[in-house]
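To start, the structure under review is shown below, and the notes come after it.
The values are calculated or read from the model by the stated rules, or taken from the named source; none is laboratory data. The model shown is predicted, which means the values in this text are computed figures rather than measured ones. Glycine gets a Cβ as well: all are built from the backbone with ideal geometry, and neighbour counts include every protein chain shown.
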């Protein structure tokens with residue numbers, strides 16, 4: 001008599017990103033970090049406030065496609081609104097605490113951007129964006145992305161969205177307010193910081 005072997009699949013817990021501890025042996029300057037990122041374009045590299053390098057794997061196809069759509073939709077609003085400058089995930093920002101972070105989507109008020117020197121604009125802009133958006137990929141641990149969102153707030157962000165397609169949730173971050181977690185929302189509004197910007201989330205789920 002044949003016996004059917006039943007197998008069960010257990011969700012795989014995302015592995016933490018690779019963290020390289022450089023201090024006190026090496027302290028990379030912003031120029032050196034920029035060069036390091038330039039010669040390792042296939043890697044997503046960030047720097048913590050302690051000077052550690054965080055190396056994350058490239059995103060998968062679904063996350064990459066979603067990120068592409070998000071950037072396109074936000075770009076249309078930025079051009080129509082005109083009060084700020086938008087950035088994609090390839091832009092690293094040097095936060096006030098010394099970390100270098102590259103949110104999936106970012107926006108900076110035009111007045112703050114124009115206050116930077118041409119040299120500062122060419123390198124990692126030394127500021128925290130006013131608005132940041134992170135899209136969780138299957139390789140991201142939720143706690144890691146939540147910690148990054150909190151860091152943005154602590155360094156001056158006025159609004160942050162963490163989109164979690166894995167759990168169909170949106171985490172909304174605002175200064176001096178509890179994190180708001182929305183279950184399976186269909187839309188989200190950026191008012192008042194991003195007046196008139198409404199992101200359709202139904203396709204993300």
* Please give the number of the condition residue 68 fails out of (1) surrounded by 14 or more Cβ atoms within 10 Å (Cβ to Cβ); (2) without any contact (Cβ under 8 Å) to a residue 60 or more places away in the chain; (3) part of a helix (DSSP H, G or I). => (1)
* **Lone qualifier among 46, 79, 62 - being surrounded by fewer than 18 Cβ atoms within 10 Å (Cβ to Cβ) and under 17 Å from the mean Cα position of the chain (by Cα)** => 62
* Structure fact -> Subset of segment 131-146, residues more than 13 Å from residue 63 (Cβ to Cβ) and surrounded by fewer than 22 Cβ atoms within 10 Å (Cβ to Cβ), comes to 141, 142, 143, 144, 146
* Would you confirm whether any residue within segment 168-183 is in contact (Cβ under 8 Å) with a residue 60 or more places away in the chain and within 21 Å of residue 86 (Cα to Cα)? => no
* **Residues of segment 184-205 satisfying the condition of being touching a strand residue (DSSP E or B) at 6+ places or on another chain (Cβ under 6 Å) and free of Cβ contacts under 8 Å to residues at least 24 places away in the same chain** => 185, 187, 189, 198
* For residue 103, which of the numbered conditions (1) closer than 25 Å to residue 202 by Cα; (2) modelled with pLDDT under 95; (3) in a loop (DSSP other than H, G, I, E, B) fails to hold? -> (2)
